[in-house]
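Any read-out appearing in this document is the output of simple, stated calculations on the displayed coordinates, not a laboratory observation. Predicted model only: the values in this text are computed from it and were never measured. Reconstructed Cβ throughout: ideal geometry from the backbone, glycine too, with neighbour counts over all protein chains shown.
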């Protein structure tokens with residue numbers, strides 16, 4: 001069984017995630033317009049834009065934020081944000097927990113490998129990436145992972161795509177939801193990138209099906 005398909009809100013979020021990664025102004029405006037028309041909660045789009053900083057970088061995330069803020073015509077809901085650095089210990093705690101969900105049995109190896117690249121990268125990944133950003137309330141972890149799958153596919157970063165396809169499964173997304181996500185992203189990919197993405201997913205799915 002492939003499991004349930006995506007709801008309308010998640011479809012619009014995945015499409016917007018891919019548009020943010022592409023960085024095309026017209027595509028962004030179209031995706032934002034579709035999200036508004038579909039009644040996607042403003043908080044969900046705000047969270048997608050914030051997490052996009054991690055995947056696509058500040059420039060494209062800021063462009064997306066500007067288009068979104070203009071379209072929605074309201075300030076961000078920030079009264080519950082724990083954005084002050086006094087929350088650093090909590091970011092680390094929830095970052096470790098969230099990262100462990102995404103990477104499963106590979107969590108310790110991931111941290112070792114990233115630490116070998118640079119100790120600062122390991123700390124920023126866990127505390128700033130997973131704790132401060134991806135563990136925020138406002139968007140379910142499985143939806144965050146599906147949006148990250150969309151962006152890593154567009155950016156053609158195969159190792160990260162592989163990790164976040166597994167992360168989507170581990171965070172509760174069904175096979176069917178992942179496959180629908182990839183079909184939505186297909187419109188943003190040239191043929192060779194789509195073949196690469198499909199092959200990575202075939203490998204991930206096969207490995208997941210073999211797992212006990």
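Structural remarks
- Separation between Cα centres of the stretch 161-197 and the stretch 42-67, rounded to whole Å: 20 Å
- Its alpha carbons considered, the chain gives a radius of gyration followed by a Dmax of 16.6, 49 Å.
- Rounded if a/c under 1.5, otherwise prolate or oblate - the stretch 109-157, Cα gyration tensor axes: oblate
- Using a Gaussian network model of the chain in which every pair of alpha carbons under 10 angstrom is joined by a spring, one finds that among 45, 22, 14 the greatest mean-square fluctuation is at 22.
- Legend: Rg and Dmax of the stretch 141-212, from Cα coordinates, 11.0, 35 Å.
- Extending 7 Å from Cα along the Cβ direction at residue 116 and again at residue 207 yields two label points whose distance is 1.7 nm.
- Sequence-separation-based contact order of the chain, relative, with Cα cut under 8 Å and 6+ spacing, percent: 28 percent
- For 171, 198, order by how many other beta-carbon atoms lie within 10 Å, fewest first: 198, 171
- The chain: most fluctuating residue of 82, 46, 192 per GNM, C-alpha cutoff 10 Å: 192
- If you run the Gaussian network model on the chain, springs between alpha carbon atoms under 10 Å, then out of 130, 85, 103 the most flexible one is 85.
- Contour excess over end-to-end distance, with Cα ends at residue 25 and residue 157 and 0.36 nm allotted per residue: 45.3 nm
- Gyration tensor (alpha-carbon) shape descriptor, the stretch 38-137, a/c threshold 1.5: prolate
- Extension gain from residue 187 to residue 9, taking 0.36 nm per residue of separation minus the Cα-Cα distance: 62.2 nm
- Relative to the compact-globule estimate of 2.2 N^0.38 Å, the Cα radius of gyration of the stretch 1-73 comes out at 1.07.
- Nitroxide proxy distance, nm - points 7 Å out along Cα→Cβ at residue 196 and residue 124: 2.3 nm
- Cα→Cβ-extended label distance, 7 Å offset, between residue 109 and residue 81, nm: 3.7 nm
- Semi-axis lengths, Å, the stretch 154-193, gyration tensor of Cα atoms, sqrt of 5 times eigenvalues: 19, 13, 6
- Exposure proxy ranking, count of Cβ atoms within 10 Å, fewest first, for 112, 98: 112, 98
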